[in-house]
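The values are calculated or read from the model by the stated rules, or taken from the named source; none is laboratory data. Small disclaimer: the values here were computed from a predicted structure and weren't measured. Neighbour counts are summed over all protein chains in view; Cβ atoms, including those assigned to glycine, are modelled from backbone coordinates with ideal geometry. Just so you know, the surface numbers come from the protein's heavy atoms only, side chains and all, with ligands and any DNA or RNA stripped out. Shrake-Rupley method; radii C 1.70, N 1.55, O 1.52, S 1.80 Å.
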Amino acid sequence: MRRGAGLVAVALTLSGCAYYNAMWSAERSAGEARRLEARGREAEARTRWALAAVKAESVVTHHPRSRWADDALVLQGEALARAGSCRTAAAPIAKALAAVTDEALRERAALAAADCALLTGQPADAERALAEALASNDAGRRSRAEYLAGRASVSRSDYDGAVAHFRRSREPAALPARARALLAAGQPEAAGAALDTLAAENRFNRDDWTQLLDGLASAGGVAAASTALDRLLARARVPTADGVALLIADGDRRLVRGDLDGAAGRYRQAAAMPAGDDGVARVRGQRVLAARAATRDDLGPVVAELTHIVGGGAGAADARTLRDLVSRVSAIPESPGTGFRLAELARDSLGAPRLAGQLFLDLATTDTGSIFAPKALVAALPLLPERHDSIIDVLDRVYTASPYTRALRGDASPAFAAAEDSLARELGVEVARGAPAAARTRPRDVLTGPRGPWLDDAPARGATPAARARPRVDERGRRVPVERPSERPDRL
């Protein structure tokens, strides 16, 4: 009997050790996941959360009456929720909320329920689940609840409420989230201050900063985003590759708004980063030079430098794409139609308004009897504002009866649509069928069109090549009025 009792005691001891070790292992995986989240390594954190869930489930399954059963059940639901597996998390979370009595564990289960409610687009359910945790005596759980409540407010477009919740949270993701909410609320200065705090605390996540700088540029202007980036690079430890990418993105924002000097400066700064591969930045620098071009001759050095970059390293593919476009634009056209198309490419794809305007004028000068000539003059008007009066003078004297001159004056006619059809056939563009020509054409929309293809790596997200080609815009993207010369030149 004594020997049997001893074997039972040993078995119980071993069983207790087994579930204790399993629970300890699950908690350790959860702790690693939290540390990864704090460093912004979300993908790795989700993997560790998934592992914690598996280990916690093992305790729940094999030791359902152990002293750690409730802890394991809550951790299972919590870990599945943080891993993004909300469908699987639903059952353990519901069971925990129904059966667990410990206050701390119930609050953790409620936080997991709120996490999943947000992931499935149910902010009202999340807010209901957070009621107890928001009043928790535990600072950590209360902080997490404030963060989730802020996300729920964002989902309802209550940005002021979201800012208040995020401000009360110490979650690593709360400060970037607060900056985004401030931008959405139209408070770029406050968002910039939040970014300064992020930089001062040496908290860097490339995805967060890329998104936040783009948002700050849209809401507060490119200069504000550039200032925030400078402060980040001065205060935080930013990996070289990430610093290069952020500088290039800042240059792209400047380029799309016509600030060629500012863009070129950012690209040079990116190329000069220590131990960085400067190929992409050098390609962007050549893009600025191409955008500055006024004549075909200005493109020769650009082609030469891009050919050198194509030889290998980072940026080779971008360099090849840009070189092919620049080479095409710099070629001498064989026909008026080709010349018009190359001028469009310079305007719409290369973003070189001065060059495009000159190519349109060259076409009008060398082929005065071409059907392209009057449209080329009209297309040159917004690109060469300093020659506005002389171009108008030629249109009035030489092409008075042209449907393009008449359309410019607001006088649409069937002849305009017919001329557009002729141009389309000359350019190899298919003409729409089944509707009268006049019904297919809106003169104001096609006079100066954009039609050229985009470069695959358009410098700014959401920006069209036409926007890049428009002359003189301020940092908010608004066009700056141009003073017209008081005297009309005798020649174009």
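Look at where the Cα atoms of the range 234-255 and of the range 134-157 average out, and the two centres are 32 Å apart. Restricting the trypsin sites (Lys or Arg not before Pro) of the range 25-124 to loop positions (DSSP other than H, G, I, E, B) with no more than 10 neighbouring Cβ atoms within 10 Å leaves ARG65.
Surface composition of the range 260-393: carbon and sulfur atoms hold 53% of the protein heavy-atom accessible area at a 1.4 Å probe. Would you work out if the range 160-280 is rounded, prolate or oblate? Take a ≥ b ≥ c from the square roots of the eigenvalues of the alpha-carbon gyration tensor; rounded if a/c is under 1.5, else prolate when a/b is larger than b/c, oblate otherwise. Judged from the Cα gyration tensor, the range 160-280 comes out oblate (a/c at least 1.5, b/c at or above a/b).
Checking every one of the trypsin sites (Lys or Arg not before Pro) in the range 155-199 against DSSP loop status and a limit of 14 other Cβ atoms within 10 Å picks out ARG156, ARG170.
For the range 194-250, the list of trypsin sites (Lys or Arg not before Pro) that fall in a loop by DSSP and count at most 16 other C-beta atoms within 10 angstrom reads ARG237. Structural descriptor for the range 122-240: relative contact order 17 percent, calculated from alpha carbon pairs under 8 angstrom and at least 6 residues apart.
Pairs of Cα atoms nearer than 8 Å and 6+ residues apart set the relative contact order; for the range 251-370 it is 21 percent.
Do you know the relative contact order of the range 33-155, to the nearest whole percent, from alpha carbon pairs under 8 angstrom that are 6+ apart? That works out to 17 percent.
For the range 241-304, the square roots of the Cα gyration tensor eigenvalues, ordered a ≥ b ≥ c, give a/c of at least 1.5 with a/b no greater than b/c, which places it in the oblate category.
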